[in-house]
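Shown next, in structure tokens, is the structure this report addresses.
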Amino acid sequence: MALELSGILDTPRDIVRSRLHGMARWSLGLLLTIEHHLEKRRSRRTLSELTDDELCDVGLTRAQARAETSKSWFWS
């Protein structure tokens, strides 16, 4: 009887632990995605501030830089 009661009591705890673990993974994934998009936004802002000579150094034209910086900061 003690084994059956112990097994029953462990089950809800395991379910909660599993759900919390899943929520933590999902939250971490969301934060990493947002950080990735913010980094792209920062990079595009920096790109927009480069001079023509600096753009030439990295192998881009002003038109290519303008096309990249005109993209949405979040969706592209």
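Taking every residue in the stretch 31-60 that is without any contact (Cβ under 8 Å) to a residue 40 or more places away in the chain and pairing it with any residue that is among the hydroxyl-bearing types (Ser, Thr, Tyr) and assigned to a helix (DSSP H, G or I), at least 6 positions away or on another chain, the pairs with Cβ-Cβ distances below 8 Å are 44/69; 45/69; 47/69; 48/69. Which ones in the stretch 25-59 are open to solvent by less than 60 Å² (accessible area, probe 1.4 Å) and hydrophobic (A, V, I, L, M, F, W, C)? Matches in the stretch 25-59: 38, 47, 50, 55.
The values are calculated or read from the model by the stated rules, or taken from the named source; none is laboratory data. Because the structure is predicted, anything quoted here is derived from the model rather than measured. Reconstructed Cβ throughout: ideal geometry from the backbone, glycine too, with neighbour counts over all protein chains shown. Ligands, DNA and RNA are stripped out before the accessible areas are found, and what is left, the full protein with its side chains, is counted by its heavy atoms. Shrake-Rupley method; radii C 1.70, N 1.55, O 1.52, S 1.80 Å.
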